[in-house]
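A.B. asks: Attaching a single structure in structure tokens format; questions to follow.
The values are calculated or read from the model by the stated rules, or taken from the named source; none is laboratory data. In this text, all values refer to a predicted model and were calculated from it rather than measured experimentally. When we count neighbours, we look across all protein chains shown, and the Cβ atoms used for this are built from the backbone with ideal geometry, even at glycine. In case anyone asks, the SASA skips ligands and DNA or RNA and just uses the protein heavy atoms, side chains included. Shrake-Rupley method; radii C 1.70, N 1.55, O 1.52, S 1.80 Å.
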Amino acid sequence: MTKILMVISGADSMQLADGSTHPTGYWAEEVAASHQVLTDAGVQVSIATPGGVRPTVDALSLDERGGVPEADAERFRAYLDTLADQLAAPLALSGVRLDDYDALYLPGGHAPMADLTQDADLGRLLNEADAAGRAVAALCHGVAGLLSAERQDGGFTFAGRTLTSFSDEEERQGGLGDKMPYYLESRLREQGAVVETGPAWSNTVVVDGNLITGQNPQSSTATAEAVLKALGRR
């Protein structure tokens, strides 16, 4: 059976540019929609977090204040309820072996910028996966997790690769704007990635070999479908 490790941030807050603390977590649609697409195709999805902590859903991802219609919020909430046991007791990243999985999948929400960006265990798994040619997928702010991967010379493992992420324009329009400690798209460019973004809030997925990235929550389903294609499941 094809197995995918979904790496979810364990952070429930992040420090903003002004030093204040902002509540955060994973974005409901990105976990729920991605997980459903993958498992409906017969893929076994395991969930892991740093330290095996229970992840927190960003309240705005289930609220019209976050741009999520109530009907969609109810649908995501219901699906996440089916994952309650897994979310309550995720695997610890430190104990994960890449050999047990065919792909890595990093959903977003702002939370990955608070912990996954610097997580050494995630960096190890990403380096191993990329070296082995296994699928590495990241979505929205989950792409920040890729920054944890460094080459032996200290450079960014995915420098020179083409990818997408939550765009600076989207951060200004509907994110945290100037409150952000940094803009993800800009940081990825600074680290040497070739970033291609579509129009704000468009369904945009970029595939560069084994690297699969989606721009925003609207790209959740398409990103998971691209992973299935890469794994020969469709």
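A.B. asks: Can you tell me which residue in segment 15-51 is nearest to the chain's Cα centre (by Cα), limited to those that are open to solvent by 60 Å² or more (accessible area, probe 1.4 Å) and not charged (D, E, K, R)?
C.D. replies: Only one residue fits best here, namely Q36.
A.B. asks: With the structure loaded, tell me whether S165 is under 24 Å from L16 (Cβ atoms), open to solvent by less than 30 Å² (accessible area, probe 1.4 Å), free of Cβ contacts under 8 Å to residues at least 60 places away in the same chain and assigned to a loop (DSSP other than H, G, I, E, B) or whether it fails that test.
C.D. replies: Yes; evaluated as a whole, the condition is true for this residue.
A.B. asks: Which of the residues belonging to segment 52-80 are open to solvent by 50 Å² or more (accessible area, probe 1.4 Å), closer than 16 Å to I8 by Cα and part of a helix (DSSP H, G or I)?
C.D. replies: A59
A.B. asks: Any residue that is in contact with a Pro (Cβ under 9 Å, 6 or more places away or on another chain), part of a helix (DSSP H, G or I), among the polar types (S, T, N, Q) and at pLDDT 95 or above - is there at least one of those in segment 205-220?
C.D. replies: yes
A.B. asks: Follow-up question, since we're still on this one. Can you tell which of G123, G108 is open to solvent by less than 10 Å² (accessible area, probe 1.4 Å), farther than 13 Å from T49 by Cβ and in a loop (DSSP other than H, G, I, E, B)?
C.D. replies: After ruling out the rest, the residue left standing is G108.
A.B. asks: Can I ask one more? Working only within segment 128-162, note down all residues that are in contact with a Phe, Trp or Tyr (Cβ under 8 Å, 6 or more places away or on another chain) and either open to solvent by 40 Å² or more (accessible area, probe 1.4 Å) or among the acidic types (D, E) (or both).
C.D. replies: Selection gives D130, R134, E150.
A.B. asks: Right, something else. G52 - would you say it is in contact with a helix residue (DSSP H, G or I) (Cβ under 9 Å, 6 or more places away or on another chain), on the phi > 0 side of the Ramachandran plot and either acidic (D, E) or modelled with pLDDT of 95 or more (or both)?
C.D. replies: So G52 fits the description; yes.
A.B. asks: Further question: Yes or no: segment 62-72 includes at least one residue that is closer than 18 Å to S219 by Cα, in contact with a Phe, Trp or Tyr (Cβ under 9 Å, 6 or more places away or on another chain), β-branched (V, I, T) and modelled with pLDDT of 95 or more.
C.D. replies: yes
A.B. asks: Of everything in segment 90-105, what is surrounded by fewer than 23 Cβ atoms within 10 Å (Cβ to Cβ) and part of a strand (DSSP E or B)? Give them in sequence order.
C.D. replies: L91, A92
A.B. asks: To continue, here is another question. Which of the residues spanning segment 126-162 are of a type outside the set (D, E), outside any helix (DSSP H, G or I) and more than 13 Å from T213 (Cα to Cα)?
C.D. replies: Once the filter is applied, which keeps residues that are of a type outside the set (D, E), outside any helix (DSSP H, G or I) and more than 13 Å from T213 (Cα to Cα), segment 126-162 yields G133, R134, A149, R151, Q152, G154, G155, F156, T157, A159, G160.
A.B. asks: Answer yes or no as to whether E170 is open to solvent by 40 Å² or more (accessible area, probe 1.4 Å) and either in contact with a strand residue (DSSP E or B) (Cβ under 6 Å, 6 or more places away or on another chain) or of a type in the set (D, E) (or both).
C.D. replies: Judged against the criteria, E170 is not a match.
A.B. asks: Identify the residue in segment 178-234 that is of a type in the set (A, V, I, L, M, F, W, C) and open to solvent by 60 Å² or more (accessible area, probe 1.4 Å) and, among all such residues, is farthest from V57 (Cα to Cα).
C.D. replies: V194
A.B. asks: Applying the selection to segment 25-80, what residues are without any contact (Cβ under 8 Å) to a residue 12 or more places away in the chain and of a type in the set (D, E)?
C.D. replies: Scanning segment 25-80 gives D40, D63, E64, E70, E74.
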